[in-house]
1. Scattering from the C-alpha atoms of region 5-101 alone, worked out with Debye: what is log10 I(q)/I(0) at q = 0.19 1/Å?
2. Please give the FRET efficiency for residue 265 paired with residue 238, using the beta carbon to beta carbon distance and R0 = 22 Å, rounded to the nearest 0.05.
3. Stick to Cα atoms and the Kirkwood definition of Rh, then tell me Rg/Rh for the chain.
4. How many nm is it between the label spots at residue 248 and residue 83, if each spot is 7 Å from the Cα in line with the beta carbon?
5. Starting from the Cα-Cα distance between residue 92 and residue 156, subtract it from 0.36 nm times their residue separation and give me the gain in nm to one decimal.
6. Give me D for region 85-166 in µm² s⁻¹, whole number, from Stokes-Einstein with Rh from the Kirkwood sum over alpha-carbon pairs, 10 °C and 1.306 mPa s.
7. Testing the spin-label approximation: label points 7 Å from Cα along Cα→Cβ at residue 178 and residue 9. State their distance in nm.
8. Under the definition of Cα pairs under 8 Å and six or more residues apart, what whole-number percent is the relative contact order of region 105-184?
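Please treat every number below as a calculation from the coordinates, not as lab data. Small disclaimer: the values here were computed from a predicted structure and weren't measured. Don't worry about glycine lacking a Cβ; one is built from the backbone with ideal geometry, like all the others, and counts go over all protein chains shown.
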Ligand SMILES: [Zn+2]
């Protein structure tokens, strides 16, 4: 069987384009399933167009033997694709069960009557008067609450300080003196404007007071503050609304006297440069 160059180009072209289009479609569908939708790029549609043209040309141009070869190529392509989808499916099933076991606990709300925690999709409300006892280890953070079952909150628990703040009087094992002095001794963070500076580090944004260590990397504290503010208040994509220098945090109060050293325009210009543009690659 003689193969002309044009025939080889068409066969290889169909194979390559077929994969390109299907991989893109697969990523798109996967994005919908894990609720992280991605845009279908224009390139995918161009590839689909060229693929259809290639197949049409192949069908008109090829003789019987070549059409058989074309069918074989498509058959192999589809088989490999099905295998790939099966492997992906098995892997994603594993990662879902892995994620389930590592679900993050979030304190949704807390006041002097009750608190609500969410764990994945599940939300549970507990009343303080149902709690038998509370134990607290400071370093590392570990709060154990003895309810109908034992609840443990550690450094991975989101809004753990909100919960700590609202523990009412009356639990004999809980160290109220430590808790109260902890909150009283927090100072405003000059970088993010939240009253969350413990010793020399902000518990919210992680920024630190000026030190010899920082001096090695920054020419001034001003430069350090500006660089971190640009990053903290940046928007991750173009459609995200700018928070107007207000951090949405339930743990700590914000300092009413704080003023940012950067402007909204500077933050948005920084965001565009650092975060928005990479998607267009
Ligand atoms: Zn801060």
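1. Debye output, listed in q order: -0.94.
2. Details: r = 15 Å, r/R0 = 0.67.
Working from the Cβ atoms, E equals 0.90.
3. Details: Rg = 28.8 Å, Rh = 24.6 Å.
Ratio of gyration radius to Kirkwood radius: 1.17.
4. 4.6 nm
5. Details: separation 64, 0.36 × 64 = 23.04 nm, distance 2.40 nm.
Result for the pair: 20.6 nm of gain on full extension.
6. On the way: Rh = 14.2 Å.
Estimated diffusion coefficient is 112 µm²/s.
7. For the pair residue 178/residue 9, the computed spacing is 7.6 nm.
8. Working: 126 pairs, mean separation 22.5, N = 80.
Relative contact order of region 105-184: 28 percent.
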